[in-house]
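Take a look at the structure below.
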Amino acid sequence: MNNIISISELSKTYQSGFQALKNINLDIAKGEIFALLGQNGAGKTTLISIICGIVNPSSGQVLVDGQDIIGHYREARSLIGLVPQELSTDSFETVWNTVTFSRGLYGKPPNPVFIEKVLRELSLWDKRNSKIMTLSGGMKRRVMIAKALSHEPKVLFLDEPTAGVDVSLRRDMWKLVKELQNAGTTIILTTHYIEEAEEMADRIGIIRKGELILVEDKRTLMKKLGKKELTLQLQHPVDSLPIELQLPGLTLSGDKSELVYTYDSNSEQIGIAELLRALAEHGLVFKDLHTTQSSLEEIFVNLVNAGAHNHDV
Ligand SMILES: Nc1ncnc2c1ncn2[C@@H]1O[C@H](COP(=O)(O)OP(=O)(O)OP(=O)(O)O)[C@@H](O)[C@H]1O
Ligand SMILES: [Mg+2]
């Protein structure tokens, strides 16, 4: 079996009557980095909390490496490390004791060598004897990650791992996550930084108002929904385009000095080579050109907005 997590027909209605998740079906493959994107209140934390056994599902099933999260709670939970969105770190305990204790909670025998390795990897070794409450926010977050890794989980959940974290720590975290993946850990993260998903994820899931509206390989997604733009700076401005060059996606800039060609992989537009040939035939010479490609951010905003127009009325 290659799926480490298998979610079927999962729904959640909170006691208030609010339906936070609607019929979620999702498989996560061993060793992948999966990013869950969605606006505030979309249901990301609810989904993670159910998989981790913190919130009860209303219906549906979740298997972690074949273990049912309800029927085999302890087995399933021992495979999971969770770095929660809300940090609870007012502890008077030291970093070392907290992380060591956390390992014990999962019934794992002590392993100081492993704990040392984790603390060193997270640049926490120098702080091992510091009380958690004396650490900075970013350091506390590292402690939460160390705790989540303390029992050597197969799956690591990171719920907004880099919220409120500075750029250098964010880069460190990305590096760490990649290393964990190389060591065989499966990683599921939620994020508001789409750049983070773009940088790290193998696959992207977009959740909107409790519905998983899209799950796609990141590269496929960007190829399928991304638009590319080619800008050609003309040697000599022209007043208008000849009729033969009035092609879909091709426009002349306001100051008449640039041609902008917007194209996407699905359209039936002419290719770049053909376009350049056509321009040459009409005596249009360009002195410079550049291309841009839409980011995952633009794709995400478009998708969520498209959804809003379709369903929210
Ligand atoms: N215990 C609860 N009782 C009732 N409603 C809840 C409870 N917990 C969460 N909700 C609601 O469920 C919805 C989903 O919340 P959730 O925390 O899963 O969103 P999220 O996608 O993680 O958002 P964020 O990006 O802000 O962290 C929200 O509308 C929230 O108000
Ligand atoms: Mg959340």
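Quick note: the coordinates plus some simple rules give every number you see, no bench work behind them. In this text the structure is predicted, and so the values were computed from the model without any measurement. Positions of Cβ are generated from backbone atoms using ideal geometry, with glycine treated the same way; all protein chains shown enter the neighbour counts.
Numbers at a glance
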| read-out | value |
| --- | --- |
| Relative packing of 58-69, 190-201, 13-24, which averages over residues the other C-beta atoms within 10 Å, highest first | 190-201, 58-69, 13-24 |
| Ranked list, fewest to most other Cβ atoms within 10 Å of each Cβ, for ILE243, ILE272 | ILE243, ILE272 |
| Integer Hz, Karplus 6.51/-1.76/1.60 couplings in order for the range 122-127, x for Gly and Pro | 8, 6, 10, 4, 5, 9 |
| Per-residue Cβ neighbour rank within 10 angstrom, fewest leading, VAL55, VAL99, VAL167 | VAL167, VAL55, VAL99 |
| Interchain or long-range residues, amide H under 5 Å from ASP65's placed H | ILE5, SER6 |
| Ranked LEU252, LEU37, LEU105, criterion: other C-beta atoms within 10 Å, fewest first | LEU105, LEU252, LEU37 |
| Unit charges on C-beta of K, R, D, E only; dipole of the range 196-256, Debye | 220 debye |
| Among the listed pairs LYS44/LYS140; LYS131/LYS154; LYS178/LYS223; LYS22/LYS117, those beyond 31 Å (Cα-Cα) | LYS22/LYS117 |
| Relative contact order (percent, whole number), the range 140-279, Cα cutoff 8 Å, 6+ residue spacing | 16 percent |
| Magnitude of the charge dipole, the chain, Cβ model with Lys/Arg +1 and Asp/Glu -1, debye to 20 | 1360 debye |
| Dipole-positive endmost among SER59, LEU37, SER88 within the range 1-152 (Cβ charges, Cα centre) | SER88 |
| Efficiency of FRET from Cβ geometry, ASP202 and SER88, R₀ 30 Å, rounded to 0.05 | 0.50 |
| Table column - 3J(HN,Hα) (Hz), the range 171-179, Karplus curve with 6.51, -1.76, 1.60, x for Gly and Pro | 4, 4, 5, 4, 4, 4, 4, 4, 5 |
